[in-house]
Number of protein chains: 2
Amino acid sequence: MKKHNFSAGPCILPESVLQKASEAIVNFNNDNLSLIEISHRSKPFVDVMENARSLALELLGLENKGYKALFLHGGASTQFLMTAYNLLNKKAAYLNTGTWSDKAIKEAKLFGEIVEVASSKDKNFNYIPKGYKIPTDVDYFHCTSNNTIFGTQIKNFPEFNGVNVCDMSSDIFSRQLDFSKFDLIYAGAQKNMGPAGTTLVIIKEEILGKVNRAIPSMLDYKVHIDKDSMFNTPAVFPIYVSMLTLEWLKELGGIPFIEKVNNQKATLLYNEIDRNPLFKGYAAKEDRSHMNATFNLVDHSLTETFDTMWKEAQINGLNGHRSVGGYRASMYNALPLFSVQALVDVMQELERKA
Amino acid sequence: MKKHNFSAGPCILPESVLQKASEAIVNFNNDNLSLIEISHRSKPFVDVMENARSLALELLGLENKGYKALFLHGGASTQFLMTAYNLLNKKAAYLNTGTWSDKAIKEAKLFGEIVEVASSKDKNFNYIPKGYKIPTDVDYFHCTSNNTIFGTQIKNFPEFNGVNVCDMSSDIFSRQLDFSKFDLIYAGAQKNMGPAGTTLVIIKEEILGKVNRAIPSMLDYKVHIDKDSMFNTPAVFPIYVSMLTLEWLKELGGIPFIEKVNNQKATLLYNEIDRNPLFKGYAAKEDRSHMNATFNLVDHSLTETFDTMWKEAQINGLNGHRSVGGYRASMYNALPLFSVQALVDVMQELERKA
């Protein structure tokens, strides 16, 4: 039996996608060759790349609006430095909502002055700062839409009249947003999109070409745009699986459909966390992430019993990050509602037993 | 029937490796989870990473000699800039043997003065320069061991008493060398090791920490060494397949065994190129690559006939790179001798027909 996979990432992917991906490793397109042993310049793979790029723009509603989609190497961690390398002349504004924002700030500081417009570090990042001001003289504003570790998510993005950059690694394709408010969106694939090893970059071309420094080719967005995301050999398999997952999402009904399912899953779990006297949530209620629910036992002496119970229920990946402790249930797009129900059942069983 | 896959990269991988990789996508380690949906911090994947890293050092004979093996993002193209970022203070020496050397030089120039010690550009890179001098006051010497596009390969590396850097992307693990003569070896996985999406870096720790510039974390070898090649989410699937391929190579008898097979394959094909009056080789004989054989028809009017014949014989990926034209037969480790025989048979059939 397949496990209920609450892993924070790399994480659950749709069963049908895994099946197709597995087949492509031995025989891709019925051409008697593996997907991973053909040239990336061959038509079958160029088609994959183009399909993945256009699906990404289509699902986000960003076709014909001056955006390009790229599948780059290096994970979101490389985007921390690439955004600054390509966009930061003098000063940039960053919102600090936890570990990933913090890392982005650290890398950007090598390239210019960073204004931290607000931080929720005072409460170990269990909320999203609000009401802060973004200086008007910055090259761009950067934020992290969802914080996997702390289980918080930005519900209302600030209105900023300059260049808006957002790390959406852990909630892209999960909810409806006006994505055209952003000029640069990046996301490591390994949450709602595919396996680790590729990063989606959605970029408005007009924001480029405004810094003076020389940019090494692999770090230059313009180079990748000009080469249709094929400047060097791309990460063939992670991009193929991302394409399959985006196709799966489109067939289901796109972001509007999956957002409803994600809301159902989040409501089911958060209701139980709030109702069940044995548990308490970690993040501020209004900032709760619909992707990663962080919670803990009120009475830690129940830890061993609870841990045994959810493992026996074939639940996987529920341990919280060491920065927060407790539990973290990651409910990415591919996680079915019945997996959340399975977890809720265990929480209720614990209540009966305790 | 499986095709005879002469693709230049991504390229043929062992059948048994593809089979295991395909299975791991649906059920890894019989744990009812896919390899690509488990945490990279989980024991099963940490074991994969550690196994891949130690197999790489073991096969190269570099265990306990101060080297670390890393599996990084970004392809060899990222190494072009990382080597310079990490090692280049003032001046470095580069040997230019073609497209890949040329690209490495271009990126390095952003970080310091580059001395091109020799180039074979005068003859469209169909030979390896010899007898050049490497200045003693450079931070390092860089060369490309095998040139996929032009079909040349360095047989005797220069004796240089400083830091030796080598791009071995297309012939690592294919022949015996004293690898301890090099301080930094890098290789994109997608030739003799695995699928595109990860790059092996073998580095002697003592060469680091000698430049003054600040290095972004993702570009800093020291950061990756300190985090056991897990600073950020690694490219899980490409690394797993690389591990399987390195295990396959070890079981066969390692580099000494595969070198013999590679010599047999190269001898078979080059003998036919030299014997058959319809064909001529491109690279200088003494510099011929045992990985990529470049050749052409003497009479171009036979092109259509020959192309139809090899395609009918289930041969794939034989077209030469646009910089050279003609044909290129890539004979990486996983290509069986009978595939080379199949190509030679077609060449001989053409001779009978013509």
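Could you say whether any residue in segment B:203-212 is at positive phi, out of contact with any Cys (no Cβ under 6 Å at 6 or more places or on another chain) and not polar (S, T, N, Q)?
yes
Among the residues of segment B:91-102, is there at least one that is over 17 Å from B:Ala187 (Cα atoms), more than 14 Å from every other protein chain (Cβ to nearest Cβ) and assigned to a helix (DSSP H, G or I)?
Taking every residue of segment B:91-102 in turn, none turns out to be over 17 Å from B:Ala187 (Cα atoms), more than 14 Å from every other protein chain (Cβ to nearest Cβ) and assigned to a helix (DSSP H, G or I).
Among the numbered criteria (1) surrounded by fewer than 23 Cβ atoms within 10 Å (Cβ to Cβ); (2) at negative phi; (3) without any contact (Cβ under 8 Å) to a residue 60 or more places away in the chain, which single criterion is violated by A:Gly131?
The single condition A:Gly131 does not satisfy is (2).
Quick one: is B:Ala84 within 12 Å of chain A (Cβ to nearest Cβ), open to solvent by less than 20 Å² (accessible area, probe 1.4 Å) and touching a His at 6+ places or on another chain (Cβ under 7 Å)?
No; evaluated as a whole, the condition is false for this residue.
So which residues in segment B:291-337 are over 24 Å from B:Phe125 (Cβ atoms) and either part of a helix (DSSP H, G or I) or in contact with a Gly (Cβ under 9 Å, 6 or more places away or on another chain) (or both)?
B:Ser301, B:Leu302, B:Glu304, B:Thr305, B:Phe306, B:Asp307, B:Thr308, B:Met309, B:Trp310, B:Lys311, B:Glu312, B:Leu337
Identify, by number, the condition in (1) open to solvent by 10 Å² or more (accessible area, probe 1.4 Å); (2) more than 12 Å from the chain's Cα centre (by Cα); (3) among the small types (Gly, Ala, Ser) that B:Gly151 doesn't meet.
Every listed condition holds for B:Gly151 apart from (1).
List pairs: first in segment A:4-18 and over 16 Å from A:Ser339 (Cβ atoms), second outside any helix (DSSP H, G or I) and open to solvent by less than 10 Å² (accessible area, probe 1.4 Å), Cβ under 8 Å, 6+ apart or cross-chain?
Listed pairs, sorted by first residue: A:Pro10/A:Pro195; A:Pro10/A:Ala196.
Listed residues A:Ser54, A:Ser77, A:Ser39; which is open to solvent by 30 Å² or more (accessible area, probe 1.4 Å) and part of a helix (DSSP H, G or I)?
Criteria check complete, one pass: A:Ser54.
What is the one condition in (1) surrounded by 15 or more Cβ atoms within 10 Å (Cβ to Cβ); (2) away from chain B (no Cβ under 14 Å) that A:Ser242 does not satisfy?
Here A:Ser242 meets the rest and fails (2).
I'm told A:Tyr67 meets every condition in (1) open to solvent by 20 Å² or more (accessible area, probe 1.4 Å); (2) more than 14 Å from every other protein chain (Cβ to nearest Cβ) except one. Can you identify the failing condition by its number?
Single failed check for A:Tyr67: (1).
Keeping to segment B:224-239, report how many residues are more than 10 Å from chain A (Cβ to nearest Cβ), among the hydrophobic types (A, V, I, L, M, F, W, C) and in contact with a Phe, Trp or Tyr (Cβ under 6 Å, 6 or more places away or on another chain).
0
Which condition breaks for A:Ser180 when tested against (1) part of a loop (DSSP other than H, G, I, E, B); (2) open to solvent by 10 Å² or more (accessible area, probe 1.4 Å)?
Result: A:Ser180 fails condition (1) only.
A:Ser7 is checked against (1) touching a His at 6+ places or on another chain (Cβ under 9 Å); (2) not assigned by TED's automatic domain parsing to the domain that holds A:Gln153 and fails just one. What number does that condition carry?
(1)
Among (1) among the acidic types (Asp, Glu); (2) part of a helix (DSSP H, G or I); (3) in the same structural domain as B:Leu60 (by TED's automatic domain parsing), there is one condition B:Glu259 misses while meeting the rest; what is its number?
(3)
Pick from A:Pro336, A:Pro277: which is under 22 Å from A:Ile172 (Cβ atoms), over 17 Å from the mean Cα position of the chain (by Cα) and open to solvent by 30 Å² or more (accessible area, probe 1.4 Å)?
A:Pro336
Would you tally the residues in segment A:10-35 being open to solvent by less than 40 Å² (accessible area, probe 1.4 Å), facing chain B (nearest Cβ under 7 Å) and out of contact with any Gly (no Cβ under 8 Å at 6 or more places or on another chain)?
Residues meeting the conditions: 8.
Take B:Met218 and decide whether it is within 14 Å of chain A (Cβ to nearest Cβ) and in a helix (DSSP H, G or I).
yes
Please identify the pairs in which a residue from segment B:68-94 that is more than 10 Å from A:Met218 (Cβ to Cβ) has its Cβ atom under 8 Å from the Cβ atom of a residue that is at pLDDT below 95 and of a type outside the set (Phe, Trp, Tyr), counting only partners at least 6 apart or on another chain.
That search, which allows pairs on different chains as well, returns B:Asn89/B:Asn212.
The values are calculated or read from the model by the stated rules, or taken from the named source; none is laboratory data. All values reported here derive from a predicted model rather than from experimental measurement. Every residue, glycine among them, receives a Cβ derived from its backbone with ideal geometry; neighbour counts consider all protein chains shown. Ligands, DNA and RNA are excluded from the accessible area calculation, which covers all protein heavy atoms including side chains. Shrake-Rupley method; radii C 1.70, N 1.55, O 1.52, S 1.80 Å.
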